Each structure stands twice: as C-alpha cells, then as structure tokens.
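Student: What follows is a structure written as structure tokens; I'll ask about it next.
The values are calculated or read from the model by the stated rules, or taken from the named source; none is laboratory data. Not measured: the values here are computed from a predicted model. As a convention, Cβ positions derive from the backbone with ideal geometry for all residues, glycine included, and neighbour counts pool all protein chains shown.
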Amino acid sequence: EAQVTQNPRYLITVTGKKLTVTCSQNMNHEYMSWYRQDPGLGLRQIYYSMNVEVTDKGDVPEGYKVSRKEKRNFPLILESPSPNQTSLYFCASSSGQGPYNEQFFGPGTRLTVL
Amino acid sequence: SQQGEEDPQALSIQEGENATMNCSYKTSINNLQWYRQNSGRGLVHLILIRSNEREKHSGRLRVTLDTSKKSSSLLITASRAADTASYFCATYAAGNKLTFGGGTRVLVKP
C-alpha cells in the first residue's frame, strides 16, 4: 500500500531534549516536505527536499533541521525543543522535484513540549 | 498574510444540501490544489487544477479557477455527514513551496 508513515504519532517531551520525528514514504517520490499545523494558522511549511541531499527552508524553519540521505526518508530534528514548537506535524511527499503534483500526507505527529 | 485564504472559515449545512467554499490568493500560480482533513488526521488530496484550466470535476466535487480574480471555489454537491471535515486550498507558485490557506470547517448535519 502506497503510504507516508511518521513516528512517533504522539510525543510529550521537555524543553531542550533533542528529538527526531521520522518520515518514510514507499512511493519513490522525489519531493518531501514537513509542515506544522497550529490553530488559526493553517499549515506552514518548515523544510522541503527536492531529492536526495537537496533540502531547503520553508516558511518557518527556525529551530528545526532535516536531512535527506535516502530517497524514502526525511527525518525532522528538533535539537533543542521549546514550548512554541508544540504543534501537529505532517510529512508529505509527491512525485517530481517540486510540489506540482498531488501531495500524500502522513498521519501526523502531535508534539507537546513542556 | 497567507497566499491562499479560504472563505467562509466555517460552514454548517444540512445533509443533501450543497456546500461552496472559496479560496483567494495573491500571486500568479502554476496550480491550485484542494485537500480535506478529518479532525486531526492527515490531509487527503481532492483535486488539482492547473492555471490553464477553468473547471474540474471529481465525483460530487466541482472546482473552478478564475485566474483573473485570483480565486477558486470548491463545490460539494448533495453533501453527506461523512463530508464533515476541514477543507484547505494550497497554491503552487514560483519556487518549490506549496502554500496552504487557513481552511474552511464544514459541518454536515444529518
């Protein structure tokens, strides 16, 4: 089954404790991206990747890192999480090296930073 | 402010009625995409309409695009309780980013 998976689905952590949210897709998609969703603000793009070893900042990249060492994986790293990073996070992927096709979204990761 | 902004923010209708929501954007686009999100879940793609297209259909969904007015509309005909969700438009303009609007929350009452 074609899908985007994210882990963990729920995470409660404390300020400053490094964490990684994994994202994996099995559709051989070139384009992958991370979004955060906050009430009243819609979805905002954090980082995106057009292909392996090619990443770039989205609209709200501060406090986040990403890597794209393999085509299928696109982990989101919070080196020193802060309470303002409490949010619902989504990973997405699509064919092509840009978001010009249908995006496939993961189920989301709900992060709480205390 | 955001590239795509939906209107209304919330919509409540009876089952069987039609639901219409609009999306306005600011800059020229390559395509516009509509997504549905059931409460707290991942977004599901509904329809993609390219800048040279004016109308697309998919089942009970109809999307129009007016590039002169920089706006799009999503019509859901004969709504069902299962259509209760939030609906988002997303625009692909220059660069490699997809920009989402704030969404329209639709409640379909049985």
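Student: For residues in the range B:52-65 being among the basic types (Lys, Arg) and either surrounded by fewer than 17 Cβ atoms within 10 Å (Cβ to Cβ) or touching a helix residue (DSSP H, G or I) at 6+ places or on another chain (Cβ under 9 Å) (or both), which is nearest to A:Ser95 (Cα to Cα)?
Tutor: The extreme case among them is B:Lys56.
Student: Quick one: what pairs do we get from the range A:91-114, first residue within 8 Å of another protein chain (Cβ to nearest Cβ), second crowded, with 22+ Cβ neighbours inside 10 Å and in a loop (DSSP other than H, G, I, E, B), C-beta under 8 Å, 6+ apart or different chains?
Tutor: A:Ala92/A:Gln103; A:Ala92/A:Gly106; A:Phe104/A:His29
Student: Restricting to the range B:1-51, and then to whatever is free of Cβ contacts under 8 Å to residues at least 24 places away in the same chain and in contact with an Asp or Glu (Cβ under 7 Å, 6 or more places away or on another chain), can you tell me which residue is surrounded by the fewest Cβ atoms within 10 Å (Cβ to Cβ)?
Tutor: Per the stated criteria, the residue is B:His45.
Student: Between a residue in the range B:60-85 that is under 11 Å from B:Val106 (Cβ atoms) and any residue that is aromatic (Phe, Trp, Tyr), which pairs come within a Cβ distance under 9 Å, given they are 6 or more apart or on different chains?
Tutor: B:Leu74/B:Trp34; B:Leu74/B:Tyr87; B:Ile76/B:Tyr87
Student: Say we look at the range B:77-110 and pick out the residues that are away from chain A (no Cβ under 13 Å) and closer than 14 Å to B:Arg62 by Cβ; which of these is farthest from the chain's Cα centre (by Cα)?
Tutor: Filtering the range B:77-110 for residues that are away from chain A (no Cβ under 13 Å) and closer than 14 Å to B:Arg62 by Cβ, the one farthest from the chain's Cα centre (by Cα) comes out as B:Ala78.
Student: Can I ask one more? Filter the range A:34-50 for residues that are more than 9 Å from chain B (Cβ to nearest Cβ), part of a strand (DSSP E or B) and either free of Cβ contacts under 8 Å to residues at least 12 places away in the same chain or not charged (D, E, K, R) (or both) and give the result.
Tutor: The answer is A:Trp34, A:Ile46, A:Tyr47, A:Ser49.
Student: Let me ask you something else. May I ask you to verify whether B:Leu107 is of a type in the set (A, V, I, L, M), under 20 Å from B:Glu15 (Cα atoms) and either outside any loop (DSSP other than H, G, I, E, B) or in contact with a Leu (Cβ under 6 Å, 6 or more places away or on another chain) (or both)?
Tutor: Details: of a type in the set (A, V, I, L, M): yes; under 20 Å from B:Glu15 (Cα atoms): yes; either outside any loop (DSSP other than H, G, I, E, B) or in contact with a Leu (Cβ under 6 Å, 6 or more places away or on another chain) (or both): yes.
So B:Leu107 fits the description; yes.
Student: Residues of the range B:1-59 being out of contact with any strand residue (DSSP E or B) (no Cβ under 8 Å at 6 or more places or on another chain), farther than 14 Å from B:Lys70 by Cα and modelled with pLDDT under 95, which ones?
Tutor: Correct list: B:Ser1, B:Arg41.
Student: Name the residue, out of B:Leu74, B:Leu46, that is away from chain A (no Cβ under 14 Å) and touching a Phe, Trp or Tyr at 6+ places or on another chain (Cβ under 8 Å).
Tutor: B:Leu74
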